[in-house]
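See structure below.
The values are calculated or read from the model by the stated rules, or taken from the named source; none is laboratory data. Treat the numbers as computed from the prediction; the structure is a model and nothing was measured. Counting neighbours? That spans all protein chains shown, and the Cβs are built from the backbone with ideal geometry, glycine included.
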Amino acid sequence: MAGVAGPAWRRNHRAARRFLLGFATGEALSAAILASAMVVAGTVAADLMPGDVRWSLFAAGSIVLGLADFFDHTPQWPRQVPKQLSGRLRPFGLGAVWGLDLGIIVTTRKVSSVTWISMFGVVLLSPSGALPLLLGCACGSLGVLVFRSVMQGARRVHLSSHVRRVMIIRRLSGALGVAAGSLVPLLYVALHP
């Protein structure tokens, strides 16, 4: 993604701005679509399960996802938007497709399970928080894309250091997922005396 936007940024600022505008539009659209699905799923879950069951499922899910991260098995579908689209679509359309794909979240590579844990918690415990969560993810993606596009070429990152950073992030997020899942029962008891 930054590999497409970065060179465009250096060659043609207008095209790069259109790409980023399309990306933001795609991210916002996918956030609205996914948030709607999460609200429906959360409402159904709330209707079918009592609160203590939903809290228990969230605790168990957080621990399982945390362990998956810790042992380098972050759930993901390792697929990307085809690079051939960069030659077929205009900048806004290309950005919109990329933003829509990344915003759906399910179809992109994951560094850690933090996003899954957050989405799981929102669906089970607070469905009304779906849109703010997903818009926050969208803003984060857009910020990273802008930063990487502008800074590309200023400093190359070697693959070995990138892999090492990913492993550190996964181990930390795994430990946090397990810790959060372990603390959920205490939080439930504190909130529901």
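None of LEU135, LEU186 is under 26 Å from VAL39 (Cβ atoms) and modelled with pLDDT of 85 or more except LEU135. Residue count for the stretch 44-62 satisfying the condition of being aliphatic (A, V, I, L, M) and crowded, with 19+ Cβ neighbours inside 10 Å: 1. Residues that are within 22 Å of the chain's Cα centre (by Cα), modelled with pLDDT of 95 or more, surrounded by 14 or more Cβ atoms within 10 Å (Cβ to Cβ) and not hydrophobic (A, V, I, L, M, F, W, C) do not occur anywhere in the stretch 23-37. Restricting attention to the stretch 87-99, the residues that are surrounded by fewer than 21 Cβ atoms within 10 Å (Cβ to Cβ), modelled with pLDDT under 90 and hydrophobic (A, V, I, L, M, F, W, C) total 2. Only a single criterion out of (1) crowded, with 18+ Cβ neighbours inside 10 Å; (2) modelled with pLDDT of 90 or more; (3) within 24 Å of GLY26 (Cβ to Cβ); (4) small (Gly, Ala, Ser) is not satisfied by ALA41, namely (1).
The rows are residues; the columns are (1) in a helix (DSSP H, G or I); (2) hydrophobic (A, V, I, L, M, F, W, C).
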{"position": "ALA46", "(1), (2)": "yes, yes"}
{"position": "ASP52", "(1), (2)": "yes, no"}
{"position": "VAL64", "(1), (2)": "yes, yes"}
{"position": "TRP77", "(1), (2)": "no, yes"}
